[in-house]
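Here is the structure we will look at, set down as structure tokens.
The values are calculated or read from the model by the stated rules, or taken from the named source; none is laboratory data. Please read these numbers as outputs of a predicted model, since none were measured by experiment. Note: ideal-geometry Cβ built from the backbone for every residue, glycine included; neighbour counts use all protein chains shown.
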Amino acid sequence: MTTIDDALERDQGIPDLDWHVFPAGTERDTFPAPSGGLARVRLGDDGAPRVVLVPGVVGSKEDFVLLFPLLAAAGYRVESYDIAGHYESVGAGPQHLDPPRASYDYPLFIDDLIAVLEDGGPAHVLGYSFAGLVTELALVARPDLFRSLTLMAAPPATGQVFRGVKHIGPISDMTPHRAAGLILWGIRYNLNRTPPGRIAFVRERLAVTGRDCIDDVVGLMMATPDFADDVAAIDIPKLIAVGEHDLWPQAQHDEYAARIGARVATYVTGHAPCETAPHQLVRDMLQLFAAAA
């Protein structure tokens, strides 16, 4: 007989909510990153160990609303920001680089993350989906800024990563613009049956985020370099956190975890454990942090 632990029970009781609202005491500012101003939120004692949560494509810092109070209550300084071209950081982009560039690329997102990490020192870092790829590349570039790495629903692949996605993988060899359009169609029409409060926020956010940025990011994910051996060589604790119904099959996540030396935590959910399994996710992240200490 399976015992339902306290974290799972708490996750099962999460109601629909207003995803704009962060916990009381959350600080907001605009961080001056290389690509421009990034909307940032932070919660917890200023001198506490840092946790930096990085959202993925068409995401935002609000994806982590439910993680903020849990990590702060555990004694951490938790932070997140909207990546360039997204939501409240929509004005940041390659046009602000020196010299300016024509499109969003991996170095842009990596350099922004490194700048955020340098503004406060080493941190436990979580990368969500596309941001998992960015955090891995930032780790390879600056391992001194990472205490641990959590990859949440990140592509466990290189090259054209959508080939491994369940159901649509065989038809995913298309232009980035068409692939992005397919992703956006699924989000707008709520194929995952997201609760009303959540889908309303997601659609509001999507109306702001630039299509050119989304196309560029999807293009990056369709040409992901192979950096797994470099990630494996860096001796910090690593966690792969995924839902049973993630976009990529469990076997691929397990294989990638073995390749980079990561532990795997799997939840009865989909591509967004931060929304539907936050208590379980934080429980496992805290175990990871303890291993880093």
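Observations
- Here Thr209 does not fit the description of being under 26 Å from Leu145 (Cα atoms), touching a Ser or Thr at 6+ places or on another chain (Cβ under 9 Å) and among the hydroxyl-bearing types (Ser, Thr, Tyr).
- Restricting attention to the range 110-137, the residues that are touching a Phe, Trp or Tyr at 6+ places or on another chain (Cβ under 9 Å) and without any contact (Cβ under 8 Å) to a residue 40 or more places away in the chain total 0.
- Qualifying positions in the range 139-193 - surrounded by 14 or more Cβ atoms within 10 Å (Cβ to Cβ), at pLDDT below 80 and β-branched (Val, Ile, Thr): Ile168, Ile183, Ile187
- Filtered by the rule that a residue be surrounded by 12 or more Cβ atoms within 10 Å (Cβ to Cβ), of a type outside the set (Val, Ile, Thr) and assigned to a strand (DSSP E or B), the range 2-31 gives Glu27, Asp29, Phe31.
- Scan of the range 277-293 for residues that are at pLDDT 95 or above and either among the small types (Gly, Ala, Ser) or in contact with a strand residue (DSSP E or B) (Cβ under 8 Å, 6 or more places away or on another chain) (or both), ordered by number: Ala277, Gln280, Leu281, Asp284, Met285, Leu288, Phe289, Ala290, Ala291
- Helices (runs of 4 or more DSSP H) wholly inside the range 196-293 containing at least 2 residues that are over 24 Å from Val165 (Cα atoms): 196-208, 278-292
- Complete set of residues in the range 206-245 that are in contact (Cβ under 8 Å) with a residue 24 or more places away in the chain, over 27 Å from Arg178 (Cα atoms) and of a type in the set (A, V, I, L, M): Ala228, Val231, Ala232, Ile234, Ile236, Leu239, Ile240, Ala241
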